[in-house]
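I have placed the structure first, in the form of structure tokens, so that the comments after it can refer back to it.
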Amino acid sequence: MAEHRFQPTRFYNTLGPAEPALAIAPGDTVITDTLDARGVDATGAALATRPNPMTGPFFVEGAEPGDTLRVTIERMTPSRDRGWTFSVLAPNVLDPERVAQMPERERVEWIIDREAGTVRLEKPSERLRDWVLPLAPMIGCCGVAPALGQAISTATSGPHGGNMDYRGIRAGTTMSFPVFRPGALFFLGDCHASQGDGEIVGTGIETSFEVAFRVALDKGRTIGWPRGEDDECIFTVGNARPLDQALQHATTEMLDWLSRDYGMDAVAASHFLGQTVRYDVANVFNPAYSVACRIARQDLARAGAKA
């Protein structure tokens, strides 16, 4: 089990076949840097172009199609004291007749106070003058090379992961991805200092980060869609458009998880999900929407369900 300090020099706007940036083994930890969604680094230099330039890919030794890659996010630290968002809601989250009445969409700056653990608008209106939010880092885009040799834009998402923009992908979370090609080829980037559900202004608070993650491998274990878990919950993520299809993917993946690992048949899982499930609208801005199907660990414990 080794620790690697990796300084990226090349970035990718697709997840897919690419020369590995670094080969790592299961159990290894990587500390690396990410750019913001427009390719700007910790010093303010533009090193890549949009959308969402990725760090990686990381070749995981022993990973083969049909396996599951597990990635534990150990730490996320903003590497600069500024971030940015857009100023108004995205057109697709409003009634069409209201879109033309909205102010012009502009980029606005945010101040990131790493010592205090807060974020705030740099030039707030009088109404929001005293509004301060907790710093809540999350990874907007991460995943593995897709099936069939595809290279899929970092603007969107699919079974391989990608631009899911789910605020549950944060330090302390372990993400699982299906492996489609040797080495898995794991990418990450597009980290946010904070973001509400849905990424409804089209961004989180975009900035550069230092991220530490650890990899593991489940040999011969096949899953269909990204999964995640932390101390409080387990979740699955479906990516598709329309929104109901994303929900269907996430729910089906959770049904499979409850069946395989928690000993529930279809009827038991249906009763359990029907009373305990929580759905998070992870993203409704990207070409593919993302929905997380989430179950609290305390509800699993009440049902006597142990993985």
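The values are calculated or read from the model by the stated rules, or taken from the named source; none is laboratory data. Predicted, not measured: the structure shown is a model, and the values here were computed from it. When we count neighbours, we look across all protein chains shown, and the Cβ atoms used for this are built from the backbone with ideal geometry, even at glycine.
Annotations for the structure displayed:
- Residue within the stretch 81-91 that is among the hydrophobic types (A, V, I, L, M, F, W, C), within 17 Å of the chain's Cα centre (by Cα) and in a loop (DSSP other than H, G, I, E, B) present: no
- Single unsatisfied condition, Gly62 versus (1) surrounded by 16 or more Cβ atoms within 10 Å (Cβ to Cβ); (2) within 20 Å of Arg214 (Cβ to Cβ): (1)
- Failed condition for Glu253, given (1) charged (D, E, K, R); (2) over 12 Å from the mean Cα position of the chain (by Cα); (3) closer than 30 Å to Glu106 by Cα: (3)
- Restricting the stretch 213-267 to residues that are in contact with a helix residue (DSSP H, G or I) (Cβ under 8 Å, 6 or more places away or on another chain) and free of Cβ contacts under 8 Å to residues at least 24 places away in the same chain, the residue that is farthest from Ala292 (Cα to Cα) is Asp265.
- Options Thr222, Thr252: the member that is surrounded by fewer than 18 Cβ atoms within 10 Å (Cβ to Cβ), under 29 Å from Gly62 (Cβ atoms), touching an Asp or Glu at 6+ places or on another chain (Cβ under 8 Å) and among the β-branched types (Val, Ile, Thr): Thr222
- On inspection, Asn13 passes the criterion of being within 15 Å of Cys191 (Cα to Cα) and surrounded by fewer than 21 Cβ atoms within 10 Å (Cβ to Cβ).
- Taking the listed residues Arg120, Arg105, the one that is part of a strand (DSSP E or B), basic (Lys, Arg) and not assigned by TED's automatic domain parsing to the domain that holds Arg214 is Arg120, with no other qualifying.
- Of all residues in the stretch 1-13, those satisfying the criterion of being within 20 Å of the chain's Cα centre (by Cα) and either in a strand (DSSP E or B) or touching a residue at least 60 places away in the same chain (Cβ under 8 Å) (or both) are Phe11, Tyr12, Asn13.
- Evaluating Met164 against the criteria (1) in a loop (DSSP other than H, G, I, E, B); (2) under 13 Å from the mean Cα position of the chain (by Cα); (3) more than 21 Å from Gln248 (Cβ to Cβ) leaves one unmet condition, (3).
- Residues that are of a type in the set (Val, Ile, Thr) and not in a loop (DSSP other than H, G, I, E, B) were ranked within the stretch 16-57; the one that is nearest to Asp190 (Cα to Cα) is Thr34.
- Residue check, Pro65 in contact (Cβ under 8 Å) with a residue 24 or more places away in the chain, in a strand (DSSP E or B), touching a Pro at 6+ places or on another chain (Cβ under 9 Å) and within 30 Å of Asp218 (Cα to Cα): no
- Those residues of the stretch 258-298 which are in contact with a Cys (Cβ under 7 Å, 6 or more places away or on another chain) and under 18 Å from Arg170 (Cα atoms), in sequence order: Tyr279, Arg294, Ile295, Ala296, Arg297
Let's see how each residue does on (1) part of a loop (DSSP other than H, G, I, E, B); (2) more than 11 Å from Asp67 (Cβ to Cβ):
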position: Phe177; (1), (2): no, no
position: Phe180; (1), (2): yes, no
position: Gly183; (1), (2): yes, no
position: Leu188; (1), (2): no, yes
position: Gln195; (1), (2): yes, yes
position: Thr203; (1), (2): yes, yes
position: Ala212; (1), (2): no, yes
position: Val215; (1), (2): no, yes
position: Thr222; (1), (2): yes, no
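- Among residues of the stretch 145-161 being surrounded by fewer than 24 Cβ atoms within 10 Å (Cβ to Cβ) and under 13 Å from the mean Cα position of the chain (by Cα), the one that is farthest from Gly83 (Cα to Cα) is Pro159.
- One residue stands out in the stretch 94-144 among those that are of a type in the set (Asp, Glu) and more than 30 Å from Val71 (Cα to Cα): the one that is nearest to the chain's Cα centre (by Cα), namely Glu109.
- For the residues Gly62, Gly27, Gly16, Gly44, the requirement of being farther than 26 Å from Ser194 by Cβ and more than 22 Å from the chain's Cα centre (by Cα) singles out Gly62.
- Filtered by the rule that a residue be hydroxyl-bearing (Ser, Thr, Tyr) and part of a loop (DSSP other than H, G, I, E, B), the stretch 68-80 gives a lone residue, Ser79.
- Those residues of the stretch 76-112 which are crowded, with 17+ Cβ neighbours inside 10 Å, of a type in the set (Gly, Ala, Ser) and closer than 17 Å to Phe285 by Cα, in sequence order: Ala90
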